[in-house]
Amino acid sequence: MMKSVYIKTYGCQMNVHESEKMYAAFAADGVGHAEKPDDADIIVLNTCCVREGAETRVIGNLGLVKKLKERRHDLIVAVCGCMTQQPDVAEKLHKRCPFVNIITGTYKLGKLPEMTRRIENGEKYICDLEKTETTERGINKAERTDKTGAFVNIMYGCDNYCTYCIVPYVKGKERSRNSDDIETEVRMLIGCGYKEITLLGQNVNSYRDGNTDFVRLLDRLSSVDGDYWIKFLTSHPKDLSDDVIRLISERPTLAKYIHLPLQSGSDRILSLMNRKYDLSSYMRKIDFARSLMPDIGLSSDIIVGFPTETEEDYLLTENAVERVQYNNLFTFIYSRRSGTPAASMPGQVDENTKKERISRLIDVQAKTAAAKAAACVGRTYRVLCDGTENGKSKGKTSEDRVIIFDGGTPGEFTNVKVLSAKNSKLYGKAVN
Ligand code: 5AD
Ligand code: SF4
């Protein structure tokens, strides 16, 4: 009987796509996709370590996997990804969970089928944390579960070393994929009917392959014939260029949406974070984008409680968030990541203060989001229908606003008139 694998993904969209690529690698090896852990011969946990919460969830879930393994001794368990790329964490995990057969990091995910076979052939335990910072040629084979939107890697790694962030240590140096390969992959996906292409990289603005920089890459990809839009994650405010913003405003195939993490509204904290921009240069980019596209969708990541953050620093963040008027905000409590410079900075902020600040910030954003949603009532948007919610269609606008509506066909664009708004949510109906 055909073997099958279940992959549990933690963390960001980049990890979601890594898991899609792992499913494809297993499929090429004759291993199918199990719908739930109980049905699987192989269970893979694809981990994240950006914040402590993700690590805690991995440890919790390993408790459940252990119970499964007690019932089925031939079950193969692998833990991979950012968390286990840290050698000390990998070693601790092996001691604490000796039933895990394979531990690997972020570099060798494509080799998991091969490692699994070695375990089937009698090896008891494999730990492979070798760093191979090469970027393979050709298109990335991936088993995409979503039939409307597709992720495409354009670069890997990060050289920015923000002082709070563990990513550069676990994902390695910045490296860009070949631009012809990316274009071939995007053309193939559009040809297959995908309507939303999301380009992925820790800092997409520093993409470079020979003469192709990010704006040139966007220019090439958004010139492909077809009905689709392209989004990208994540932009760094120090590197997002006016040329990119201008191109977004000119091209119908580029979604009118930018995720531009501010992290903090205090210049003193931004400098301690090693972000290399200040609030006024950030605001200049926002103002420029809005001058060309008044309705552009903007979102951001904010960290509260970075070491030495005072009430005044926090209020600067709150003010900046109110000024920008984001459509969507991802708020995080600073999480001490061992090995990063900020972890050993003096002035760590106590947990209660962090919690109190994040809840105030969430309240501020909720008011903005509700006001922005209310302002959409009566307008008609072009919406990409990408799912259902409570029997109705669910879709997104080019600005990344979510709308629940009557009518529409999954995987297709539809014009939707917004009839009402509740908190940040929009409700409407398809119109012609
Ligand atoms: N603590 C809290 N949030 C963090 N992020 C990255 N590292 C940390 C950390 N140590 C957040 C940043 C980043 C997002 C992906 O995760 O806001 O933009
Ligand atoms: Fe982390 Fe900063 Fe790189 Fe983003 S840009 S992955 S926050 S180091």
Yes/no for Glu185 being buried (at least 20 other Cβ atoms within 10 Å of the Cβ) and not hydroxyl-bearing (Ser, Thr, Tyr): yes
Residues satisfying the stated conditions in the range 188-201, i.e. out of contact with any Phe, Trp or Tyr (no Cβ under 8 Å at 6 or more places or on another chain) and either β-branched (Val, Ile, Thr) or open to solvent by 20 Å² or more (accessible area, probe 1.4 Å) (or both): Met188, Gly191, Cys192, Gly193
Subset of the range 25-46 [open to solvent by less than 20 Å² (accessible area, probe 1.4 Å) and within 23 Å of Ala150 (Cβ to Cβ)]: Phe26, Val31, Gly32, Ala34, Val44, Asn46
Residues being open to solvent by less than 30 Å² (accessible area, probe 1.4 Å) and under 26 Å from the mean Cα position of the chain (by Cα) - total across the range 376-400: 10
In the range 302-341, the residues that are open to solvent by 30 Å² or more (accessible area, probe 1.4 Å), more than 24 Å from Val383 (Cβ to Cβ) and in a strand (DSSP E or B): Thr331, Phe332, Ile333
Strands (runs of 3 or more DSSP E) wholly inside the range 68-179 containing at least 1 residues that are away from ligand 2 (no atom under 16 Å from the Cβ), within 25 Å of Val31 (Cα to Cα) and open to solvent by 40 Å² or more (accessible area, probe 1.4 Å): 126-128
Which numbered condition His236 misses (of (1) part of a helix (DSSP H, G or I); (2) within 14 Å of ligand 1 (Cβ to nearest atom); (3) not β-branched (Val, Ile, Thr)): (1)
Options Asn61, Asn15; residue that is open to solvent by less than 60 Å² (accessible area, probe 1.4 Å), over 17 Å from Ile102 (Cβ atoms), touching a strand residue (DSSP E or B) at 6+ places or on another chain (Cβ under 9 Å) and not small (Gly, Ala, Ser): Asn15
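The values are calculated or read from the model by the stated rules, or taken from the named source; none is laboratory data. Not measured: the values here are computed from a predicted model. Quick reminder, even Gly has a Cβ in these numbers, built from the backbone with ideal geometry, and neighbours come from all protein chains shown. Accessible surface areas use protein heavy atoms only, side chains included; no ligands, DNA or RNA. Shrake-Rupley method; radii C 1.70, N 1.55, O 1.52, S 1.80 Å.
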